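The values are calculated or read from the model by the stated rules, or taken from the named source; none is laboratory data. A quick note: this is a predicted structure, and the numbers were derived from the prediction, not measured. Cβ sites come from the backbone with ideal geometry, for glycine too, and all protein chains shown count toward neighbours. The accessibility values were calculated without ligands, DNA or RNA, using every heavy atom of the protein model including side chains. Shrake-Rupley method; radii C 1.70, N 1.55, O 1.52, S 1.80 Å.
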Amino acid sequence: MLKMIKSISAAAVLSVMAITGANAAGGNIDYKSVDWQHTGMFGTYDRSAAQRGLQVYREVCAGCHALELVAFRTLQDLGFTEAEVKAIAAEYEYVDGPDDEGEMFTRAGKPFDKFPAPFANEKAARASNGGAYPPDLSLMVKARSGAENYVYSLLTGFEEAPEGFDLPEGMHYNEYFPGHKIAMAPPLFEDGVEYSDGTKASVDQMAKDVTVFLAWAAEPKLEQRKNMGLKVILFLLLMSGIFYAAKRKVWSDVH
Amino acid sequence: MSFEPKNPVVKWVEHRLPIIGMMHHALYDYPTPKNLSYWWTFGSLAGFMLVVQIVTGIVLSMHYTAHVDLAFNSVEHIMRDVNYGWLLRYMHANGASMFFIVVYLHMFRGLYYGSYKAPRELLWWLGLVIFLLMMATAFMGYVLPWGQMSFWGATVITNLFGAIPVVGEAIVTWLWGGFSVDNPTLNRFFSLHYLLPFVIAGVVILHIWALHHHGSNNPTGIEIKDKQDSIPFHPYYTIKDLFGMAIFLIFFSAFLFYAPNYLGHPDNYIPANPLVTPAHIVPEWYFLPFYAILRAVPDKLGGVLLMFGAIAVLFALPWLDKSRVRSARFRPIYKQLFWIFVIDCVILTYVGGKPAEEPFILIGRLATAYYFLHILVLLPLVGLFEKHKPLPASISEAVLDKKPAAEGASNA
C-alpha cells in the first residue's frame, strides 16, 4: 500500500503540474500579491473592509458597472442589519408593474431587489463610455485568472504610458491590463470617498476594500463552504479510521 | 455458495424473479482473488462517482434553465439562492473531474496488469465505450452554464466534424440545429447530457456482467485456480472498497470545499458572447491529452482522425499486446515502457493546455508520435521478444511468497 501511495502521489504531483502549467497559459503577468483575509483554509471575509468596499462600489464603480447578480438582502452577510439593508435598498428606484390599471410605476428598492444597472442596455452603456462596455462586476473576481490580485492590481496599476507607447485617444495605460490599453479612466483618487469609520481613503485602501467586497459578491457562500468542508473532512478522517480498523479485523483471517 | 433464502417473502419473490439471488451473487459471494491491491478500488469508485453525478445532476436540473438568455444566470441562481445549491453545483462540476481521475487510474491499472487480455477483451471494450460516453457527457455538460468557454469549446469541438469530407458541413449544421452554436444547440446538449448518464449506467451493468463472468484480474495476472485463491466479495472487498472510498472522498472534499474553481477556467464565469473570442480556448483538463493530439497535426481532418484514432487503437490493445503474461510485475521491459507511457500522457496533458506555439508544437508532436509508437509498435514487439520473470503457480503461492516455480524463466 505504501508503494501505491507513492505512485499515486507522484502521479498527482505530475498531473497538478501539468494542469497548473496548462491553466497558466496566457496569464503570465505577475499581479501584486495581497494577503487577503478570506483566502486560506479558515479565511473569512473582512467585514469592515467589505462594508467600506460596498461604499466604494456604490459611490465610484456603480456609475458605470452593474452588479446584477447581487440582491440587497444578501448584504446582511457582510454584517449589515435588516434595517440597514432596507435603507440601502430604498435609496434606489425601480420601475415595477403593471399595476391594476395597467400602468407601470416607480417604487423604492426592496431587499429582494438586485443592484440596478447604471445603463438600460449594452448599447446605452457603450454610447456613454466611448464605445467600451463596462462589464458587470458580480463575478469579476472569479472571471479573471489572478482573481483578487488581478482586480486590486488593475485598480492600482494606472500609470503614465511609457515613452513611445502608442496610446489611442480615450484609452489609458494600465500596467496590469492585457495589452496595457484600457478604456476605463483611473477610477480611484485620494479621498474619493469619505469612509464613515474614519479609515483614510487612500487609493490603495479603496482598491483593497472594493476588491474584498467584489470577492464576496462573486463567492458569497465561501464561509459556509469552508466551514462545512472542515466538518466533512474531519468526519471523513474519523470514518476512514473506523473503516481501516474494520478492514484489518475482517482481513485478519485471510492468509 | 448458492443463495437459499429463509424469509418467506424473499422466497416468494425469488421463485418468480431470481433477482435477489443474482444481486447476492454479484455483491456478496462473488469469488474475488484474494490478492487485489488498492488499485482495484477505482472500479467501484467510478461506479460511485456515476451515482454522485446522476443524483446531483438531477437536482441541479430542477433549478437550471436551458436557454441562451437564462442559462448563465440560472446557474448563478443555483449558486446564490438555492439551498445548498453551491454545494450541488461544485459537487457536480468537481465530480466530473473526480470521475475522470478515477477512470483514468482504473484504465492505467488495466494497462499495467494486462486486464484487457483474453478472456476480458469485451470487458475492456465496454469500459472504453463507457469512457467515450463519459467524454460526450462531460463535453455537453460543460456547455450548459453557457459561459465563454462553454460557448467556444462547443464551437471548436462541433466544428471538428466539419473536417469530414463532403458531408462535414451538413453534419455540423445538423449538430447545431442551425448555422451556429445557439439556443437549439444548448437545448439538445441539455437533453443529451441528461440522457447519456443513464446509457452509461446501462453499459456499466454490461461491464460488470462481463467482469463477473470470468472474475477480476489481479496483480499476478494469474487466473483463480482453486478455492484457496479466492475470497467472497463481501465482507472482504466491501470493507476494503469502503476504506478506499473514504480516503478518496477526502481528496474530493479538498477540491470541493477549498479549491472548487481550481479545475475550471475563469473565462467560464463570463457569459457566453459569440462576438468575443477568448484569448486561449482550452477544454477541461481531462480532454487535454486528446486536444494535444488533435493539434499535433497541421491538417484539420488529419488531426481529427488522429484524435479519434488515439482512442480507437485502445480497442485493438488486446490483440496488439502479444505477451501471454498479463501482469507487468513479471514483465521487466513492459513495466518500464508503461511508466514512460504514463509520463507521455502527462506531457500531452501539459501541452494540450498550452497555446499552439513553439516549443509546445514540437513537444506535442513528439509526445503524440510516442503515444502511437508505444501502442502500435513497442507493445507488439515487446510481447514477442521480452523474457518474462517466472510466474508463481497460483495466486495463493504468490501471496504466501513461496519460491516461484520456474516456468521458462532465467532466474527467481
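One line per residue, one yes/no per condition, for (1) open to solvent by less than 30 Å² (accessible area, probe 1.4 Å); (2) among the hydroxyl-bearing types (Ser, Thr, Tyr); (3) at the interface with chain A (Cβ under 10 Å from one of its Cβ atoms):
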{"site": "B:LYS225", "(1), (2), (3)": "no, no, no"}
{"site": "B:PHE233", "(1), (2), (3)": "no, no, no"}
{"site": "B:ASP241", "(1), (2), (3)": "yes, no, yes"}
{"site": "B:MET245", "(1), (2), (3)": "no, no, yes"}
{"site": "B:LEU249", "(1), (2), (3)": "no, no, yes"}
{"site": "B:PHE252", "(1), (2), (3)": "yes, no, yes"}
{"site": "B:HIS265", "(1), (2), (3)": "no, no, yes"}
{"site": "B:ALA272", "(1), (2), (3)": "yes, no, no"}
Can you confirm whether B:PHE139 is modelled with pLDDT of 95 or more and out of contact with any Leu (no Cβ under 9 Å at 6 or more places or on another chain)?
yes
The lone exception for A:GLU219 - which of (1) crowded, with 21+ Cβ neighbours inside 10 Å; (2) in contact with a strand residue (DSSP E or B) (Cβ under 9 Å, 6 or more places away or on another chain) it fails:
(2)
Qualifying helices (runs of 4 or more DSSP H) (wholly inside region B:1-108; at least 2 residues being hydroxyl-bearing (Ser, Thr, Tyr) and more than 11 Å from chain A (Cβ to nearest Cβ)):
B:42-61
I need every pair where a residue in region B:341-367 that is within 10 Å of chain A (Cβ to nearest Cβ) has its Cβ under 6 Å from the Cβ of a residue that is hydroxyl-bearing (Ser, Thr, Tyr), sequence separation at least 6 or different chains.
B:GLY352/B:TYR291
Taking the options B:LEU196, B:LEU132, B:LEU111, name whichever one is within 30 Å of B:HIS25 (Cβ to Cβ) and open to solvent by 40 Å² or more (accessible area, probe 1.4 Å).
B:LEU132
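Residue-wise test of (1) over 27 Å from A:GLY146 (Cα atoms); (2) away from chain B (no Cβ under 14 Å).
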site	(1), (2)
A:PRO168	no, yes
A:ASN174	no, yes
A:ALA201	no, yes
A:MET206	no, yes
A:ALA217	no, no
A:ALA245	yes, no
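Residue under question is A:MET140, and the condition is that it be within 15 Å of A:ALA217 (Cα to Cα) and either surrounded by 13 or more Cβ atoms within 10 Å (Cβ to Cβ) or in contact with a Gly (Cβ under 9 Å, 6 or more places away or on another chain) (or both); does it hold? Let's see the steps before the verdict.
Details: within 15 Å of A:ALA217 (Cα to Cα): yes; either surrounded by 13 or more Cβ atoms within 10 Å (Cβ to Cβ) or in contact with a Gly (Cβ under 9 Å, 6 or more places away or on another chain) (or both): yes.
Taking the combined requirement at face value, the residue satisfies it.
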Considering only residues that are open to solvent by 20 Å² or more (accessible area, probe 1.4 Å) and in contact with a Phe, Trp or Tyr (Cβ under 7 Å, 6 or more places away or on another chain), which ones fall in region B:67-106?
B:VAL68, B:PHE72, B:LEU105, B:HIS106
Quick check on my filter: what residues within region B:23-51 are farther than 20 Å from A:TRP251 by Cα and open to solvent by less than 20 Å² (accessible area, probe 1.4 Å)?
B:LEU45, B:ALA46, B:MET49, B:LEU50
Inside region A:43-78, the number of residues satisfying the requirement of being over 18 Å from A:MET140 (Cα atoms) and not in a helix (DSSP H, G or I) is 3
So which pairs qualify, if the first residue must be in region A:108-136 and more than 18 Å from B:GLU76 (Cα to Cα), the second must be loosely packed, with under 15 Cβ neighbours inside 10 Å and polar (S, T, N, Q), the Cβ gap must be under 8 Å, and the two must be at least 6 apart or on different chains?
A:PHE119/A:SER128
